[in-house]
Amino acid sequence: MAGALEDAVKAGLRGWTGRLAGEGLEERLRHLSRPENEYGVDPFGFSLDYTLSAVAPLLWMYRHYHRVKVTGIQHVPAGRVLLVSNHSGQLPVDGAMIGVAMLVEADPPRATRSMVEKWVPTLPWVFTFMARVGQVVGTPDNCKRLLRAGEAVLVFPEGARGLAKPYAQRYLLQPFGLGFLRLALETDTPVVPVPLPSRDHLHFGEPLRFSGRPDDDDGVLEQEVEQVRASIPGAAGPRPDGAHERVPATRA
Amino acid sequence: MKPGVVITGISGNLGRALTRLLHGRERIIGVDRRPFPGRPPDVEVHQLDLRKNKLEDLFRRGPIKAVIHMGILHEPRMSAAEHHACNVLGTTRVLEHCARRGVEKVVVLSSANVYGPSPDNSHFITEDAPLMAASRFAGVRDLIEVDMLANAFFWRHPSNQTVVLRPFHIVGPTI
């Protein structure tokens, strides 16, 4: 009974995705397959079938509520890449919009694996859902394995600091952790900044490539991290005309 | 005399399954506190506690080429102190005999449970990961200590081949 209901909901959502995606895209998404085991999930719990159903409401929001316009997605290189973003609010809707853009705008479509906070797996049901749509606990080892497998990994180097900031500081960028840069150096991965919030305009920046020792002192790496951070608005502090203004996603 | 294979904990499900696998090919010497009803007549089973001196007699009596140590108690009704002593001291004794008699191969059955579930674990745990299970469930400390003893043995006695198995749940029709 519950199984039949689940299947019906999945099939319904899957149909909705198909209609929203349009014919050509529907066809392309089918090629987004990856190694899956007998339960239909990849080694990290991602399921393409599940994701194409679950993405329907997000895709609707993407098309009809946020009406996202995407620029620069051609900057995302093929193969392993670290997408560096900042998100505001406890619900990662903005992060989800990046994932949707990578699915429907990138050519070929890409599945985005985002690194989530370590408490997320303590949430029953929620984490199963998150894993099925490609999210992974943000440990360095997980990130390295995904990058070595050629995945696009979305990270939020502000960490919990970025999530838990008060409303008045919602456009103020918090300091970045250094972990993502060490991983980029260790795995020789290009970094693409994706600034948020940008509800109507999602811009993928030019890929930044770094060279150096992944085990350099914090002080050395901080300069390079600052380069990534500076490509995201809000890094310099609140705007003089008030932080409530929406910060443009693209810089002149 | 054909060199024997000692199986501790032979009366358990895994011990009996292993006996079926080795029976007819190896000279099996079983050790368990429990009886082994229905054992094949040519399999000797000694009902004794691993801490007893009688265990050493088995090693004295003839050459032993391998020890498969599965005699690790998982008995929640037993007192914690007795449980701990039996497992830790029993394993210590078994490993001592292996070292003294130069047993070629030593296999210790631990469990993947020694790593402990934790929301911040990486998706794939490698065998050099810290054994954190006791942080949430103290009852598993015996197993962790047994695993550590086997690890120390591995490094201290390179001439004995030591294998520490950390299997996940073992399921199947014969278990």
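The values are calculated or read from the model by the stated rules, or taken from the named source; none is laboratory data. All of these numbers come straight from a predicted model, not from anything done at the bench. Please note: Cβ atoms are built from the backbone with ideal geometry, for glycine as well, and neighbour counts cover all protein chains shown. Just so you know, the surface numbers come from the protein's heavy atoms only, side chains and all, with ligands and any DNA or RNA stripped out. Shrake-Rupley method; radii C 1.70, N 1.55, O 1.52, S 1.80 Å.
For residue B:125, the shell of other residues with beta-carbons less than 10 Å away shows a net charge of -2, using +1 for Lys and Arg and -1 for Asp and Glu. Multiplying the residue separation of residue A:230 and residue A:67 by 0.36 nm and subtracting their alpha-carbon distance yields 56.1 nm. Working note: Cα gyration tensor of the protein assembly as shown, eigenvalues times five, square-rooted, sorted largest first, giving semi-axes of 56, 25, 19 Å. Spacing of the modelled spin labels on residue A:126 and residue B:20, each 7 Å from Cα toward Cβ, amounts to 4.6 nm. The residue among B:85, A:46, A:193 whose Cα reaches farthest toward the positive pole of the charge dipole of the protein assembly as shown, with charges on the beta-carbon of Lys, Arg, Asp and Glu, is B:85. Among the chymotrypsin sites (Phe, Trp or Tyr not before Pro) found in segment A:14-101, those both in a DSSP coil and sparsely packed, with 12 or fewer other Cβ atoms within 10 Å of their Cβ, are A:39.
The alpha-carbon atoms of segment A:1-81 define a convex hull whose volume equals 133 cubic angstrom per residue.
Can you give me the relative contact order of chain B as a percent, contacts being Cα pairs under 8 Å and 6 or more apart?
Contact order relative to length: 22 percent.
I'd like the orientation of helix B:141-156 relative to chain B: the angle between its Cα long axis and the longest Cα principal axis, in ° from 0 to 90, rounded to 10. Its long axis makes an angle of about 70 degrees.
Quick check: Cα centre of segment B:1-64 to Cα centre of segment A:117-143, how many Å? Centre-to-centre (Cα) distance: 46 Å. Which residues make up the longest stretch of chain B that has no trypsin sites (Lys or Arg not before Pro) in a DSSP loop with at most 12 other Cβ atoms within 10 Å? Formally, the longest exposed-site-free interval is B:78-135.
Residue order by solvent-accessible surface for B:45, B:67 is B:45, B:67, largest first, with ligands and nucleic acids left out and a 1.4 Å probe. Equivalent ellipsoid of chain B: semi-axes from √(5λ) of the C-alpha gyration tensor, largest first, are 27, 18, 16 Å. A Förster radius of 30 Å combined with the Cβ-Cβ distance from residue B:105 to residue B:132 puts the calculated FRET efficiency at roughly 0.55. In straight-distance terms, cross-link reach from residue B:54 covers every one of the aspartates and glutamates whose alpha-carbon lies under 16 Å from its own, apart from those fewer than eight places away in the same chain; here that gives B:32, B:44, B:96. Each Lys or Arg adds one and each Asp or Glu takes one away; over the other residues whose Cβ falls under 10 Å from the Cβ of residue A:21, this sums to 0.
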